[in-house]
2 protein chains.
Amino acid sequence: GQKRPLSDNQFIEGIKNGDQTILAKAITLIESTKKQDEVLSDEILNGFLKLSGNSIRIGITGVPGVGKSTFIEKLGLLLIKKGRKVAVLTVDPSSTVSKGSILGDKTRMPELLKSDNAFIRPTPTNNNLGGVAHKTRESIILCEAAGFDVVLVETVGVGQSETAVHGMVDFFLLLKLAGAGDDLQGIKRGIIELADVIAINKADGANLEIAKQEASIFKRALGLFPPKQNGWEPQVTYCSALHDEGIQELWSLIDEFNIKTKKNATFHKKREEQLQNWMLEIVEQTIKKNFYSNQKVKILQDQLLEKVLSKTISPKQAADMLLSSFDIKP
Amino acid sequence: GQKRPLSDNQFIEGIKNGDQTILAKAITLIESTKKQDEVLSDEILNGFLKLSGNSIRIGITGVPGVGKSTFIEKLGLLLIKKGRKVAVLTVDPSSTVSKGSILGDKTRMPELLKSDNAFIRPTPTNNNLGGVAHKTRESIILCEAAGFDVVLVETVGVGQSETAVHGMVDFFLLLKLAGAGDDLQGIKRGIIELADVIAINKADGANLEIAKQEASIFKRALGLFPPKQNGWEPQVTYCSALHDEGIQELWSLIDEFNIKTKKNATFHKKREEQLQNWMLEIVEQTIKKNFYSNQKVKILQDQLLEKVLSKTISPKQAADMLLSSFDIKP
């Protein structure tokens with residue numbers, strides 16, 4: 001027969017008990033775009049607000065082929081050995097474009113998947129990156145409520161997803177590929193400016209020396225940027241996820257970052273700013289959506305655009321007319 | 001005594017006659033943020049809509065020290081010799097931050113300044129980059145109405161100004177410095193993706209060979225990007241503005257671009273898209289401004305933010321409450 005949907009209490013108790021099946025269902029509910037799921041979804045989330053925040057949130061990015069899955073698996077296993085609980089969330093803009101996801105395949109991390117102390121969740125994306133960011137933030141909160149104290153948010157080096165992920169984590173890690181000569185590609189969109197640590201992966205065998213050289217090039221490049229407000233000087237390191245080398249050293253850097261930014265209170269300040277931005281993003285997106293989905297606006301917009309293109313009226317006049325039709329004073 | 005302000009007719013006739021003093025005054029009027037200047041400013045602009053568009057609009061960017069002024073002066077003088085009329089507009093975000101402008105000084109182009117066929121206009125910036133873009137677009141239209149058939153929009157390789165300028169020109173030129181090893185800096189924000197031509201300047205003396213090598217590195221880097229929709233393959237060249245070398249070759253590339261994109265109609269299509277974006281930007285900025293400047297919203301926003309930070313309500317709940325107070329259905 002038909003499965004009965006879970007009640008808000010079942011969701012809340014299940015998550016509190018760290019039940020991964022219920023956690024997964026709750027995230028699915030939150031990701032739902034159906035209007036009728038919204039009330040329950042909001043209720044669950046709001047029930048966990050006070051319980052959230054007790055993790056370090058780490059963003060991880062890098063181009064396809066850099067070895068993110070192997071890296072995350074090895075980092076995750078190390079952390080579990082240290083007694084931590086690790087959640088892995090992915091934000092993958094590629095899945096929208098190609099209908100096949102670069103990151104979505106759970107089987108990428110077979111060892112981690114076996115552990116009860118790891119939770120892996122590929123996030124389906126919708127067209128709206130803001131939307132993705134929105135749901136990922138909520139998933140982070142649910143994972144924290146379920147007791148995960150390290151949340152890894154993985155994204156791929158394509159499009160604007162890095163900026164979105166950067167805006168919802170405490171620490172941002174950029175993975176680079178040793179000896180691949182992808183310097184130009186990797187830094188082309190200012191991702192380097194977002195990084196708290198750059199780790200050159202696949203630094204093994206003949207690539208080890210190259211990786212060391214590249215590390216010093218990146219160190220110099222980082223020196224070109226103004227110092228970060230949080231007092232943290234971005235670091236460059238290298239590792240081989242495949243051979244499980246350099247992962248502990250990298251984690252030590254993250255720990256150092258954690259201690260330093262908590263001590264100078266920038267950790268907390270950043271979280272507060274992120275909460276504020278979260279609120280304002282929803283506000284701005286809703287206003288925009290409301291405006292453009294208005295039937296009157298839609299029709300008028302097309303008519304006015306035609307006049308703008310024929311240079312009968314200016315873009316400003318058209319904008320004013322459009323706004324007036326929505327009772328907004330220009 | 002008090003100078004009498006010009007009438008709309010005086011403005012329109014003056015600009016039609018190519019009077020540079022009146023053109024300058026019209027731009028000042030358009031840049032004014034005073035409410036009472038808006039009507040006249042709109043009237044003048046609207047009067048010229050049909051006369052606008054008859055120029056090639058060229059965006060020029062590069063970090064401070066790359067030699068933009070010398071380059072623009074030499075390019076301008078070459079074009080004037082060819083019988084063209086050249087307007088130079090600058091968008092300089094640095095002037096807001098430092099109160100001193102990198103680009104604002106008119107004496108940077110003494111030879112060009114002497115010519116009746118050149119018009120140089122440093123644009124003061126306000127904090128809002130959208131605002132800058134908005135006024136620069138309008139200035140372009142006035143310059144075209146005044147008979148300038150090449151409009152150079154100069155900006156500095158800092159911040160988001162390149163993207164803004166890219167959105168209002170037909171052709172985008174990135175100047176690089178030969179032998180300065182600024183590769184990393186110049187490409188860090190994806191500017192390379194915007195460029196239709198990259199020109200390596202100061203390619204003279206010992207730097208000539210270095211510039212040639214760098215040109216081939218950039219050519220390879222450009223090859224990594226997907227082809228542009230307009231069918232134009234970005235080119236890399238080198239020049240020495242100081243020694244007036246390579247400027248004609250560069251102009252030939254711009255000419256080639258002009259002919260090719262006009263032939264395949266992407267020139268016109270891009271202009272139409274830019275007009276549409278212009279309209280929508282004004283709409284979105286106005287909606288946002290209206291919302292945040294509402295007194296009720298301001299007070300409520302602070303109250304709600306406090307509750308969000310103390311985790312009493314979620315960012316979503318706060319956003320909904322804020323929107324409801326403005327009669328916007330979440």
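The values are calculated or read from the model by the stated rules, or taken from the named source; none is laboratory data. Just so we're clear, the structure is a prediction, and the values are computed from it rather than from any experiment. Neighbour counts run over all protein chains shown; Cβ positions are idealised from the backbone, glycine included. Calculation scope for accessible area: heavy atoms of the full protein, side chains included, ligands and nucleic acids excluded. Shrake-Rupley method; radii C 1.70, N 1.55, O 1.52, S 1.80 Å.
Here are some notes:
- Which listed residue is assigned by TED's automatic domain parsing to the domain that holds A:Leu173, at pLDDT below 95 and of a type in the set (Val, Ile, Thr), from A:Ile313, A:Ile247, A:Ile217, A:Ile299: A:Ile217
- Residue match in segment B:254-264 (condition: in contact with a Leu (Cβ under 9 Å, 6 or more places away or on another chain), more than 14 Å from every other protein chain (Cβ to nearest Cβ) and open to solvent by less than 50 Å² (accessible area, probe 1.4 Å)): yes
- Flag if B:Gln276 is in a helix (DSSP H, G or I) and under 30 Å from B:Trp232 (Cβ atoms): yes
- For A:Lys316, the test of being closer than 30 Å to B:Lys50 by Cβ, in contact with a helix residue (DSSP H, G or I) (Cβ under 9 Å, 6 or more places away or on another chain) and part of a helix (DSSP H, G or I) is passed.
- In segment B:298-312, the qualifying residues are those that are facing another protein chain (nearest Cβ under 9 Å) and in a helix (DSSP H, G or I), and the one that is nearest to A:Ile287 (Cα to Cα) is B:Gln301.
- Pairs are defined by a Cβ separation below 6 Å, a sequence spacing of at least 6 or placement on different chains, a first member in segment A:203-222 that is open to solvent by 70 Å² or more (accessible area, probe 1.4 Å), and a second member that is not aromatic (Phe, Trp, Tyr); the pairs so defined are A:Lys219/A:Val236.
- Tally of residues being among the hydrophobic types (A, V, I, L, M, F, W, C), touching a residue at least 60 places away in the same chain (Cβ under 8 Å) and either in a helix (DSSP H, G or I) or open to solvent by 30 Å² or more (accessible area, probe 1.4 Å) (or both) across segment A:36-78: 10
- Subset tally (residues that are in a helix (DSSP H, G or I) and at the interface with chain B (Cβ under 8 Å from one of its Cβ atoms)) for segment A:321-330: 2
- Among (1) more than 10 Å from every other protein chain (Cβ to nearest Cβ); (2) farther than 28 Å from B:Gly59 by Cα; (3) not aliphatic (A, V, I, L, M), the one test that B:Pro315 misses: (1)
- Scanning segment B:232-245 for residues that are open to solvent by 20 Å² or more (accessible area, probe 1.4 Å) and in contact with a Ser or Thr (Cβ under 7 Å, 6 or more places away or on another chain) gives a single hit, B:Leu242.
- If the condition is being surrounded by 11 or more Cβ atoms within 10 Å (Cβ to Cβ) and in contact (Cβ under 8 Å) with a residue 24 or more places away in the chain, then segment A:18-35 contributes A:Gly18, A:Asp19, A:Gln20, A:Leu23, A:Ala24, A:Ala26, A:Ile27, A:Ile30, A:Glu31.
- Of all residues making up segment B:270-297, the number that are touching an Asp or Glu at 6+ places or on another chain (Cβ under 9 Å), within 7 Å of chain A (Cβ to nearest Cβ) and in contact (Cβ under 8 Å) with a residue 40 or more places away in the chain: 1
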